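Step one of this worksheet: look at the structure below.
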Amino acid sequence: MVKKIVKDDAPALGSKDSPEDSKNSPDTKMVTAGRKPEWTGPVVNTPVWRASTHLYDSCDDLAQGVKRASDAEFFYGRRGSPTQWSLAKAITEMESPETSGAYGTLLFPSGVAAINIALLSILKPGDVLLMSDNCYDPSRGFANGLLKKMGIETRFFNPLIGAAIEDLFCDNTKAILMESPGSLTFEISDIPAICGAAKKHNIITLLDNTWATSYFFPALEKGVDISIIAATKYIVGHSDVMMGAVTSPEKYWLRLRKTARQLGQVVSPDDAYLAARGLRTMATRLKTHEQSALKVAHFLDARDDVKSILHPAFPSCPGHDIWQRDFRGSSGLFSVVISGSKKRAAAIIDDLTLFGIGFSWGGFESLALLVHPEQYRSVTQWDANDAVIRLHIGLEDSDDLITDLKRAFDKYKDMA
Ligand SMILES: *Cc1c(COP(=O)(O)O)cnc(C)c1O
């Protein structure tokens, strides 16, 4: 006989079965969340439950399981195991369910899958989606590709629009996808104002909260309906796993789950284990990313061959005052507009020794990328001649990073 580990009345992933957690600070929750004794057993971390088949006691037992279709209950590998449930629950807990109404988190094999499937679960042909003009390029690609083919229209809006977004609403406006700060250019949107306007018209708001995570911006508490994080970045934190997470209140839970299940979305227990392991140290890492990024940004800001710093904590960043009002901190990713050409920017990047050249960010290592915001804009302008370098400041000694940057910037000081 197979011994049952999870009770028949297993709670849904977001239910409040560890109320003592709610009193604790985000730093403490990051350590304690999702570590239920029935999942961890006698050890600290929820082990890797590698499984496709889950075994039942009897035919009747299986039939009951099918009928219940509950979340955190053994069923079949496609619905995960304690390894995935534990991570999902931890991410939900980080959104403060007691005050925000967060109910559960679905895990996806990438951040892109999380964003796009969240959109698919709420949009139907004929609907209009509003999307912030500084959204992540693949989100724009999905809107202009598959969504368009399905008869869903996307209209882009200025990320600084605030409550005036109401002027863009029409009878068919169904959802708003926001990203704050925006990819590449880092403008901060007035998320509470946009969500307030949307609520009046029953329009669903989604936020790509990858840069801040709920640690620096508790999205659901700020009025967002559905919060999305590319866990690939700071949650995993070690550049070795792709994953996405969607957290929602009960109101949207069943339709999100249904769409994810129909599309067969599942993450491996090994990846979930690594992501959970990353999460435990995320607060500590984020604080170091924040301090080092600020130090490097101030160093660059003081140079006369740097035109501007695109970092929400800098007064020059559009929406800086809103960042001060709404965010608990800043992470390690920002851009810098330098003087001279894109060729000069590329020469500097190529010459750096402590910064890797590659996509993604949020890992322990520093990265530099030549970016072209002008290619990803519809309703706002970006000067195509601007040479923009996006930096991810990792966990190396910030003085070493500054020495590396100073050497490369100086070397190409006179290059046009
Ligand atoms: C990287 C990223 C994503 C996508 O995540 P993947 O795991 O790479 O698919 C989505 N949004 C933002 C803002 C990102 O930086």
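Table for the structure above
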| read-out | value |
| --- | --- |
| Segment 252-267, residues that are touching a residue at least 60 places away in the same chain (Cβ under 8 Å) and away from the ligand (no atom under 14 Å from the Cβ) | TYR252, TRP253, ARG255, LEU256, ARG257, LYS258, THR259, ALA260, ARG261, LEU263, GLY264, VAL266 |
| Conditions (1) at pLDDT 95 or above; (2) within 16 Å of the ligand (Cβ to nearest atom): number failed by LEU401 | (2) |
| Those residues of segment 345-363 which are in contact with a Ser or Thr (Cβ under 8 Å, 6 or more places away or on another chain) and hydrophobic (A, V, I, L, M, F, W, C), in sequence order | LEU354, PHE355 |
| Subset of segment 361-389 (residues that are touching a helix residue (DSSP H, G or I) at 6+ places or on another chain (Cβ under 8 Å), among the hydrophobic types (A, V, I, L, M, F, W, C) and within 27 Å of SER239 (Cα to Cα)) | PHE364, ALA368, LEU369, LEU370, ALA387, VAL388, ILE389 |
| Residue check, ILE309 in contact (Cβ under 8 Å) with a residue 60 or more places away in the chain and away from the ligand (no atom under 16 Å from the Cβ) | no |
| Selected residue (criterion: farthest from the chain's Cα centre (by Cα)) from residues of segment 259-302 that are acidic (Asp, Glu) and in the same structural domain as ASP399 (by TED's automatic domain parsing) | ASP301 |
| Residue match in segment 335-350 (condition: within 16 Å of the ligand (Cβ to nearest atom), closer than 14 Å to ALA297 by Cβ and in contact (Cβ under 8 Å) with a residue 12 or more places away in the chain) | yes |
| Selection count, segment 380-401, where residues are loosely packed, with under 12 Cβ neighbours inside 10 Å and of a type outside the set (Asp, Glu) | 3 |
| Residues of segment 103-122 classified as within 12 Å of the ligand (Cβ to nearest atom) and touching a residue at least 40 places away in the same chain (Cβ under 8 Å), total | 11 |
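The values are calculated or read from the model by the stated rules, or taken from the named source; none is laboratory data. Worth saying up front: this structure is predicted, and the values here are computed from it rather than measured. Virtual Cβ from ideal backbone geometry, glycine too; neighbours counted across all protein chains shown.
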